[in-house]
1. First measure r as the distance between the Cβ atoms of ASP203 and THR325, then evaluate 1/(1 + (r/R0)^6) with R0 = 25 Å and state the FRET efficiency to the nearest 0.05.
2. Roughly speaking, what is the stretch gain from ASP438 to ARG134, that is 0.36 nm per residue apart minus the C-alpha to C-alpha distance, in nm to one decimal?
3. Roughly what % of Cα-Cα distances in segment 319-445 sit above 19 Å, to the whole percent?
4. Can you give the direction-averaged projected area of the convex hull of the alpha-carbon atoms in segment 177-277, in nm²?
5. Compute the orientation-averaged projected area for segment 89-172 from the convex hull of its Cα atoms and round it to one decimal in nm².
6. Rounded to the nearest 0.05, what FRET efficiency do ARG178 and SER279 have when you use their Cβ-Cβ distance and R0 = 25 Å?
7. Can you give the net charge of the other residues whose Cβ lies under 10 Å from the Cβ of HIS364, counting K and R as +1 and D and E as -1?
8. Report the gain in length on full extension from LYS259 to ASP272: 0.36 nm times residue separation, minus Cα-Cα distance, nm rounded to one decimal.
Amino acid sequence: MYNRDDPEPSFDPRSWAAPAPAPVASAAPARATATDASPRAGSRRPTILALAIAAAGAIAALAARPDAPSTPAQPTAIEAPPRGTATFDERVLNLPAPGQIAASLRAFGIAEGDASAAAGMASQALGDAPGPLRLAVTMAGPRLHALTATHPNGGGVVIERDAGGALVAKSIAAKLVRRLTFVRGELDGESFYSSAVAAGVRDVLVGAFANAFRYDFDMQREVSAGDVFEAGFEERVNADGEPVGPATLVYAFLSTPAKTRALYRYQLPGTDEAEWFDSGGRSSRRSLMRTPVEAARISSGFGMRGHPILGFRKMHRGTDFAAPTGTPIFAAGDATVTFAGMKGANGNFVRLHHDNGWDTLYLHMNAIAGGIAPGARVMQGMQIGEVGTTGRSTGPHLHYEVHIDGAPVDPQSIETGGGRTISSNAMAAFRKARDAIDAERAANS
């Protein structure tokens with residue numbers, strides 16, 4: 001209780017008021033009246049009233065402060081939220097494979113039973129296929145509510161609670177659509193590779209584009225800056241427009257001052273692989289490839305020249321293709337191997353006899369491919385060795401010769417023969433595929 005004689009009053013509001021009087025008999029009102037009438041009681045009433053008003057103001061101010069400590073109170077029970085109104089937390093992450101699902105769920109704090117059950121269902125639906133996996137998890141505390149795991153192609157599995165609260169899995173079918181992209185450009189002064197990539201051709205398709213024209217163009221001598229090219233490639237994309245899997249080149253166009261070619265990739269029924277055809281259905285494939293080595297440049301042509309080692313002028317009986325050691329060398333056409341091994345100045349050397357009676361020779365190989373031996377049958381485009389510098393050689397290159405009736409001829413000057421034409425019975429299907437590509441080109445132009 002506050003005492004006017006205290007040097008420092010108490011600021012505990014509970015000490016400012018006297019305890020409530022105990023109940024009294026019926027005569028108490030008369031005594032109270034007599035007490036109230038005393039001069040001392042009358043003098044204290046205004047002070048007590050003022051202190052009570054001040055106390056009420058202090059209590060209100062303390063309650064209004066946001067950081068004021070609450071007055072101790074007896075704990076009261078909080079009613080649980082209605083069923084179905086639990087707070088959910090969502091987590092999303094990318095995983096390298098389905099085997100990581102269980103550990104990821106445990107790391108999220110999901111109960112062991114739910115984590116193991118969901119991971120087992122997901123693995124069963126997804127299989128063991130490697131590759132990125134997108135995992136989306138919805139949880140309520142340690143309880144798993146739902147899980148969705150999808151591959152880049154959109155296929156995957158969704159796991160969620162059924163009406164009884166049990167986890168159930170449902171497979172999601174892949175959602176891929178076919179997309180054709182066409183890019184057009186001009187060759188720069190550096191290389192076809194840099195020109196194609198700058199125009200938007202995928203780098204992995206540059207080799208396929210060059211190979212499409214390997215029977216029609218010498219990409220080192222017949223193609224130069226300013227020539228126009230166009231490439232069309234097909235790919236599958238998911239719902240987000242992201243490519244899934246490798247792209248496939250389906251259209252190739254190249255125009256130089258001397259000639260223009262447009263080719264369509266098409267696989268004939270009953271064949272093992274697709275080929276390149278012109279718009280009339282004639283295959284670009286010839287009896288011999290013009291360039292039997294990949295991504296090479298001509299370092300020396302056919303004819304008389306000063307020999308780089310012997311030092312005098314000598315007939316150069318073939319074409320030299322400079323390329324890094326290990327670059328694949330291919331059979332120029334279907335043939336039978338007549339020689340394969342080391343042969344003096346020729347180094348590692350392979351000679352092929354072709355079905356039309358011609359012979360092709362491949363010199364200075366770093367290594368001869370396995371299975372290439374006299375009597376073996378090879379098909380056009382089959383690897384027979386790799387570029388090297390064995391024998392009399394100043395650096396890694398392929399020396400390539402073509403012999404007709406036993407005499408060497410310029411490999412770059414001969415007519416390599418015509419390709420086959422699609423039969424009339426199969427032409428309708430080819431035209432349909434060709435027209436579909438042309439329609440897409442027109443829409444993209």
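1. Working: r = 22 Å, r/R0 = 0.89.
So the FRET efficiency works out to roughly 0.65.
2. Working: separation 304, 0.36 × 304 = 109.44 nm, distance 3.70 nm.
The span from ASP438 to ARG134 would gain 105.7 nm if fully extended.
3. Values: 4534 of 8001 pairs.
Result: 57 percent of Cα pairs exceed 19 Å.
4. Details: hull surface 28.0 nm².
Computed as one quarter of the Cα hull surface, the answer is 7.0 nm².
5. Numbers: hull surface 19.1 nm².
So the mean shadow area of the Cα hull is 4.8 nm².
6. Details: r = 22 Å, r/R0 = 0.87.
The value I calculate is 0.70.
7. On the way: positive: ARG392; negative: ASP320.
Net charge around HIS364: 0.
8. Values: separation 13, 0.36 × 13 = 4.68 nm, distance 3.05 nm.
Extending this stretch completely gives an extra 1.6 nm.
Every number in this text was worked out from the coordinates using simple rules, so none of it is lab data. What you see is a predicted model, and the numbers here were worked out from it, not measured in a lab. Don't worry about glycine lacking a Cβ; one is built from the backbone with ideal geometry, like all the others, and counts go over all protein chains shown.
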